[in-house]
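Structure first, then comments.
The values are calculated or read from the model by the stated rules, or taken from the named source; none is laboratory data. Values in this document were obtained by computation on a predicted structure and should not be read as measured data. In this analysis, Cβ positions are derived from the backbone assuming ideal geometry, glycine residues included, and neighbour counts consider all displayed protein chains. The accessibility values were calculated without ligands, DNA or RNA, using every heavy atom of the protein model including side chains. Shrake-Rupley method; radii C 1.70, N 1.55, O 1.52, S 1.80 Å.
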Amino acid sequence: MLVIYMIKAWQLKLNKIIFQIKDVTYMDINQVLLQRIKMPLKSSFETSFGKVTEKDIIVVRVFSEDKVGIAESVAMPFPIYNEETTGTVWYMLEHFLIPQLLEKGVKHPRDVFDMFSYIRRNNMAKAALEMAVWDLYSKQNGLSLSAVLGGTRKEIEVGVSIGIEDNIDDLLIKVNHFLNEGYKKIKVKIKPGWDIEPLRAIRNKFGDDIPLMADANSAYTLNDKALLKELDTFNLMMVEQPLAHDDIIDHAKLQAEMKTPICLDESIHSVEDARKALEIEACKIINIKIGRVGGLTEAKKIHDLCEERDVPVWCGGMLEAGIGRAHNIAIASLSNFTIPGDTSSSSRYFNEDIIFPEVTLSKPGMISVPERPGIGFDINNELINKMIVNDKTFTKATMIS
Ligand SMILES: O=C(O)CCC(=O)c1ccccc1C(=O)O
Ligand SMILES: [Mg+2]
């Protein structure tokens, strides 16, 4: 008995030592592949800043000797959510990020963020590469991405985001449909002229208890204070980013006068932004999007800061295809993601997704966190190949010569 115990203890110690050794050796990334694909959305998605009808994605793969890490760029085709576009992400990856990663190498995915910190912003470009490196690292260590990030949940709670609809009837049909699927949070997009009326209609039809929130995507200013304060009458879980994309000061002023918690999305690009926003009480909740903050390392830092300060977070979405969804599921398995996120099933936006199996609800309003190494999904390469508009391979040899 004692002998078995001693052997087990030794095995554990040995594993720990191997893990530590791995952290000081290079990850040996020798090739990166970019594939730009255009994927039709089932139906268009409208927000206060505009309408999207197809998903324009860059699939990023990083190769080591025998493993491949994968991620997806979440930038939109136009610079309307933030300053990046699919085109700028490609440019940054091609001319700055990939050459540097291949030339310098990293020992741990954590190093990627630091390596790129001298480059201002371009967070979605940085994130696309960094997330692929995290997936590769997880696969090299035979662990799920969730486990490597320190996730504790086996299942995550999810909600759904509903765009601006043509009329109230269409909106109510959608809300009804998603409530029936069990989604644990209904988020509706609002803008001037489409705010009080749709929220009132939802409350009248479905009652005061359904978990409801509104996302304004920066469509208002403090001149709309009276209207925004009226939102307090709808018992909303929160109102997301009511004011300017680059503001925290006015949000603090508004939060001081509103009962409904404000959640910031567009205004938070880093853990430093989060610290400042919390310090001046510009919000009570933060929406974490891995792409917006430059990758999983920074996303985890924001999560940890918020946890320390008892501020709940949730995982936002950018209409991701399956690879992006998989990364969202992994980060949302961390303990302080206590509010249902925007990561819905693949079928919410796509007739067919680029992963196997597709993301589905394991039970009403829940998605299970994969336990297999890395993101825990296989890639539907056949489908990806059908949708490619551009691709490029980068190798260590060609970069350095
Ligand atoms: O279902 C999703 O992925 C979330 C959709 C969403 O709300 C959104 C989609 C694109 C850009 C910004 C946002 C947002 O959260 O503000
Ligand atoms: Mg938002």
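A few comments on the model shown:
- Each residue, residue 272 and residue 181, gets one label point 7 Å from its Cα in the Cβ direction; the gap between the two is 3.9 nm.
- Accessible-area value, residue 220, 1.4 Å probe, nucleic acids and ligands omitted, Å²: 10 Å²
- Multiplying the residue separation of residue 108 and residue 210 by 0.36 nm and removing their Cα-Cα distance gives an extension gain of 32.4 nm.
- Helices meeting the span-like rule in the chain (full DSSP H runs, Cα extent of at least 27 Å along the helix axis, mean Kyte-Doolittle score of 0.0 or higher): 2-24.
- Scanning residues 5 or more positions from residue 195 or on other chains, none has an amide H under 5 Å from its amide H, with H placed 1.01 Å from N in the peptide plane.
- Gyration tensor (alpha-carbon) shape descriptor, region 148-379, a/c threshold 1.5: oblate
- Those aspartates and glutamates that a straight Cα-Cα span of less than 12 Å connects to residue 301, excepting residues fewer than 8 apart in one chain: 272, 273
- Percent of beta bridges antiparallel (DSSP, the chain, rounded to nearest 5): 65 percent
- Net charge over other residues, Cβ less than 9 angstrom from the Cβ of residue 82 (K, R count +1; D, E count -1): -1
- Calculated log₁₀ intensity ratio I(q)/I(0) where the Debye formula runs over C-alpha points of the chain, q = 0.08, 0.09 Å⁻¹: -0.42, -0.53
- For region 92-174: rounded, prolate or oblate by the Cα gyration tensor [a/c cutoff 1.5]: oblate
- What separates the Cα centres of region 96-172 and region 229-282 is a distance of 24 Å.
- Probe 1.4 Å - accessible area at residue 115, Å² to nearest ten: 30 Å²
- Heavy-atom accessible area with a 1.4 Å probe sorts 118, 81, largest first, into 118, 81.
- Residue 190 long-range amide H proximity, modeled H, under 5 Å: 215, 216
- Rolling a 1.4 Å probe over the protein chains gives residue 310 an accessible area of about 140 Å².
- Charge dipole (Cα centre; +1 on Lys/Arg Cβ, -1 on Asp/Glu Cβ; no other charges) of the chain amounts to roughly 1020 debye.
- Interchain or long-range residues, amide H under 5 Å from residue 289's placed H: 316
- Applying a threshold of 21 Å to the alpha-carbon distances of 259/284; 189/229; 189/276; 51/300; 107/276 flags 189/276; 51/300; 107/276 as lying beyond it.
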